[in-house]
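What follows is a single structure, written as structure tokens, with notes after it.
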């Protein structure tokens with residue numbers, strides 16, 4: 001008997017080297033808090049659409065152009081995205097993957113981000129700055145799920161590759177990348193300390 005595993009969903013995880021993490025993360029957290037103070041448009045949107053949290057997704061999506069600290073972080077993420085694309089054997093032709101948006105997320109107690117995907121982008125991801133215990137997990141959904149019309153559910157202790165959902169809890173300084181078509185959510189935070197991260201999209205820029 002043999003089994004052939006086809007069409008894998010590959011998630012990329014890596015951590016910023018400790019010396020850089022110690023240097024960058026405290027400064028970036030301070031900048032996130034400053035952005036929140038100044039971003040009245042984002043705060044208003046968040047009160048209406050992101051209860052107990054703040055996101056600059058609707059207001060400030062160009063962090064790397066506003067901050068030298070986030071510009072440094074972007075350059076590091078650029079390199080990791082190239083590695084991820086190579087591991088997926090993406091054929092970019094004469095084009096390239098370019099960061100198209102880069103925004104802040106602050107999740108307070110009870111805040112969550114329901115299932116969604118990032119249409120029109122190629123690679124999406126999050127870099128984690130502060131992840132207190134109990135502040136939620138990143139939950140990923142099998143992209144084939146809508147086609148499982150007559151399929152029995154999977155056992156609770158099923159292998160990771162056979163599950164319909166998978167949750168991971170990243171730590172501070174960790175980067176998670178996934179293809180933008182993958183549905184995902186952030187489960188509700190149960191922590192009184194904010195969970196702080198920055199998210200981004202990369203688009204496939206095609207050249208003639």
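Here are the numbers:
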quantity: Residue match in segment 194-205 (condition: under 19 Å from residue 137 (Cα atoms), over 15 Å from the mean Cα position of the chain (by Cα) and either touching a residue at least 40 places away in the same chain (Cβ under 8 Å) or in a loop (DSSP other than H, G, I, E, B) (or both)); calculated: yes
quantity: Positions within segment 59-71 being buried (at least 16 other Cβ atoms within 10 Å of the Cβ) and in contact with a helix residue (DSSP H, G or I) (Cβ under 9 Å, 6 or more places away or on another chain), in sequence order; calculated: 59, 60, 63, 64, 67, 69, 70
quantity: Options 83, 44, 15, 33; residue that is under 14 Å from the mean Cα position of the chain (by Cα) and at pLDDT 95 or above; calculated: 15
quantity: Answer residue from segment 91-116, given it is within 18 Å of residue 11 (Cβ to Cβ) and crowded, with 16+ Cβ neighbours inside 10 Å and is modelled with the lowest pLDDT among those; calculated: 113
quantity: Qualifying residue in segment 59-71 (condition: under 16 Å from the mean Cα position of the chain (by Cα) and part of a helix (DSSP H, G or I)); calculated: yes
quantity: Qualifying position, being in contact with a strand residue (DSSP E or B) (Cβ under 9 Å, 6 or more places away or on another chain) and at pLDDT below 90, among 207, 187, 160, 193; calculated: 207
quantity: So residue 79, is it within 22 Å of residue 13 (Cβ to Cβ) and surrounded by fewer than 17 Cβ atoms within 10 Å (Cβ to Cβ); calculated: yes
quantity: Lone qualifier among 166, 148 - being in contact with a strand residue (DSSP E or B) (Cβ under 8 Å, 6 or more places away or on another chain), farther than 26 Å from residue 63 by Cβ and either surrounded by fewer than 17 Cβ atoms within 10 Å (Cβ to Cβ) or modelled with pLDDT under 90 (or both); calculated: 166
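The values are calculated or read from the model by the stated rules, or taken from the named source; none is laboratory data. The structure presented is a predicted model; accordingly, all values stated were derived computationally and were not measured. Neighbour counts run over all protein chains shown; Cβ positions are idealised from the backbone, glycine included.
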